[in-house]
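Any read-out appearing in this document is the output of simple, stated calculations on the displayed coordinates, not a laboratory observation. Worth saying up front: this structure is predicted, and the values here are computed from it rather than measured. As a convention, Cβ positions derive from the backbone with ideal geometry for all residues, glycine included, and neighbour counts pool all protein chains shown.
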Amino acid sequence: MRESSTYQFILDEGRAEGRAEGEARGRSDEARRLILRQGTKRFGAPDAATEAALAAVDTVERLEQLAERLLEAESWAELLA
């Protein structure tokens, strides 16, 4: 069974999906770290609620939006509103 083309296809597809998920998670982690780093310089250290709110953001697109808003926001609360 392991030699069947269908079995091999399923394995390859699973590996590709796993890689894609890992890459997206890595991009999210990088974006989140950048927002925290730049936000800390601009607004000061975030409190626990702010860190939790950023950790809850689950898409790269939303993190990119926050990174853009960081240029205009005046506080962590305004950024995350």
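Computed quantities for the displayed model
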| item | result |
| --- | --- |
| Helices (runs of 4 or more DSSP H) contained entirely in segment 28-81, each with at least 2 residues that are basic (Lys, Arg) | 60-69 |
| Members of segment 32-72 that are free of Cβ contacts under 8 Å to residues at least 24 places away in the same chain and in contact with a Leu (Cβ under 6 Å, 6 or more places away or on another chain) | ARG69 |
